[in-house]
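First up is the structure itself, then whatever we jot down about it.
A short reminder: the numbers here are calculations on the coordinates, not readings from a lab. None of the values given here were measured: they were computed from a predicted structure. Please note: Cβ atoms are built from the backbone with ideal geometry, for glycine as well, and neighbour counts cover all protein chains shown.
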Amino acid sequence: MYSDLMSYNILLAIYLRPVAAQYLAPLPEEYSGVAAVLIEDNLAVIPGNWSYESNMVPFYNVTSDDEDFQDAADTIAAADFIALSPDFLSLIGPSATLDRIVNFTSPEVELVHEAPAYVPDTNELLFSTTTAIGRLWALNLDTLELRNLTLDPPLSNINGATYHNGTVYVCTNGGDVRGIFSVNFTTGATAPIVNNYRGRRLNSPNDVIFDSPGNMWFTDPAYGWYSEFEGVGEPELPQSIYFFNMTSKALQVVSNDVVHVPNGLAFSPDETKLYVADSANLQGRPLGDTDPMGLRNVVAFDVEQYPLLSNPTLVHQTEVGWPDGLRISSSGLIVVGVRGAADVVDPRTGTLLGKFNCPDDIIYNVERIAETGTWFLIGGKHIYRVAIAETSPPLAGS
């Protein structure tokens, strides 16, 4: 978290540069202790000659020969919270904080961290190192101590996870047979829930959630194949979104032609909408750089005739990187992990309200403590704890 002095310096920089202030609006007085900025006019015009280094840098890393604009961009880069709309300030509140609670060191910092699941029984945050075999960690949120769960039998390359009715469910995207598994977070015992679609191997289950009736939904892109994970053969199925009936054990494809590379997914609070991230700009074997012209969207589906999906609607395109894991707030806002931040989007209008800023990091996934304003951002370099006014809804089926 930036100190109060840093917050003061950010505001001082704005007020002492009258020309740069055309890009940054003053914050309300009650936000004086928050390391936040409020951008004027969404930076619709960048003055002078400007450029950026690569498709993997956020918008504030644009380099301009206009000194006042560059000063504003540097101020934006230093903030914890970037407001593109005054409404963003209301949702974070005047006591908002962003803390780094885990700092990864080499070689762990070079790896991908995924699969966050908050376990209320133990007040732990589970997460994985998906680019390594068999690593599932538990972070004690009281002491911030880490323990490595010994899984029996071991699971390969865990990528997505969710807590539901006393059990953690995880996705594996490595090994000869991929699927959804249950994990006993106390003993480490694992058991398969589903590992095939009518005799065909699943590609690389990526993220998993439950609905209020107690049924499971998950995405199945081909990232295990793209990433050349051990044991993963050529894909046998389209990249799809699945519905799994936990009673009948029937696995049903609900979409495979709208979202090209399905990634994170989440329901609206009333479960009438399903939001799915499409990271189609990050695919191919071997997995390389993102395609600047590739799709990097969040798509909303209507859930009208359960469990069928209809009326796909584009609600967000990231400016950089790709959309990854996502969660929904109590008022229906999307919080989605992207390069350098978590974007906060109002899906009713498709408006990007603001960002939880994590410069020089990649946010792979997002988790929350239900019915509180505590959110977790899972990055390559750090795990962040965000405390804001906006809460998250109750767990499905609770």
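Out of residues 5 or more away from Leu24 or on other chains, whose amide H comes under 5 Å of its own, with H placed 1.01 Å from N in the peptide plane?
Long-range HN contacts for Leu24: Glu40.
Once a ≥ b ≥ c are taken as the square roots of the eigenvalues of the Cα gyration tensor of the range 285-398, is the result rounded (a/c under 1.5), prolate (a/b larger than b/c) or oblate (a/b not larger than b/c)?
Working: a/c = 1.74, a/b = 1.08, b/c = 1.61.
Oblate, since a/c reaches 1.5 and b/c is not below a/b.
Show me the chymotrypsin sites (Phe, Trp or Tyr not before Pro) within the range 244-333 that DSSP assigns to loop and that have at most 11 other Cβ atoms within 10 Å of their Cβ. Don't jump to the answer; show the numbers that get you there.
Numbers: sites: Phe244, Phe267, Tyr275, Phe301; in loops: none.
Here no chymotrypsin sites (Phe, Trp or Tyr not before Pro) fit, given the DSSP loop and packing criteria.
Taking DSSP loops as anything outside H, G, I, E and B, show the longest stretch in the chain free of GluC sites (Glu not before Pro) there with at most 15 other beta carbons within 10 Å. Provide the component values of the computation, followed by the final result.
Values: sites that count: Glu40, Glu53, Glu145, Glu228, Glu230, Glu236, Glu271, Glu304, Glu319, Glu371.
Free of exposed loop sites, the longest segment is 54-144.
Near the amide H of Asp66, under 5 Å away, which other amide H atoms are found, from residues 5 or more places off or on another chain, if H is placed in the peptide plane?
Asn49
Reachable lysines from Lys355, Cα under 19 Å, same-chain residues fewer than 8 places away excluded?
In chain and number order, the partners are Lys381.
Scan the chain and hand back the longest stretch that contains none of the trypsin sites (Lys or Arg not before Pro) lying in DSSP loops with at most 14 other Cβ atoms within 10 Å. Each step should come with its number before you reach the end.
Values: sites that count: Arg198, Lys249, Arg348.
It runs 1-197.
Taking θ = phi - 60°, what integer Hz values does the Karplus form 6.51 cos²θ - 1.76 cosθ + 1.60 yield along the range 313-330, in sequence order, with x for Gly and Pro?
Rounded to whole hertz, the list is 9, 6, 10, 6, 10, 6, 7, 8, x, 8, x, 10, x, 8, 9, 10, 8, 4.
Would you calculate, for the chain, the mean residue ellipticity at 222 nm contributed by helices, counting each DSSP H stretch of 4 or more residues as -39,500 (n - 2.57) and dividing by all residues, to the nearest 500? It would help to have the intermediate numbers written out before the result.
Values: 4 runs with 34 residues, N = 398.
So the calculated ellipticity at 222 nm is -2500 deg cm²/dmol.
Non-local amide H neighbours of Ser240 (under 5 Å, H modeled in plane, Pro and chain starts lacking H): which ones?
Hits under the 5 Å cutoff: Asp220.
Between 0 and 90 degrees, rounded to the nearest ten: what's the tilt of helix 67-77 against the longest Cα principal axis of the chain?
40
Under a GNM of the chain (C-alpha, springs under 10 Å), which listed residue has the highest mean-square fluctuation: Ser54, Ser330, Ser32?
Greatest mean-square fluctuation among the candidates belongs to Ser54.
Less than 15 Å Cβ to Cβ from Thr172, Lys/Arg counted +1 and Asp/Glu -1: what total charge do the surrounding residues give? Before the final figure, lay out each step's value.
Values: positive: Arg135, Arg178, Arg201; negative: Glu114, Asp152, Asp176, Asp207, Asp220, Glu230.
Every neighbour counted, the sum reads -3.
Compute the acute angle (0 to 90°) between the alpha-carbon long axis of helix 4-15 and the principal axis of greatest extent of the alpha-carbon atoms of the chain; round to the nearest 10°.
50
Would you report the distance distribution of C-alpha pairs in the chain as whole percents per 10 angstrom bin, up to the bin with the largest distance?
Once binned at 10 Å, the Cα pair distances of the chain give 5, 24, 33, 24, 10, 3, 0.
Quick one: Karplus J couplings for the range 278-295, per residue in order, coefficients 6.51, -1.76, 1.60, θ = phi - 60°, nearest Hz, x for Gly and Pro?
Taking θ as phi minus 60°, the curve returns 10, 9, 5, 7, 10, 7, x, 10, x, 5, x, 6, 6, 8, x, 9, x, 5 Hz for the range 278-295.
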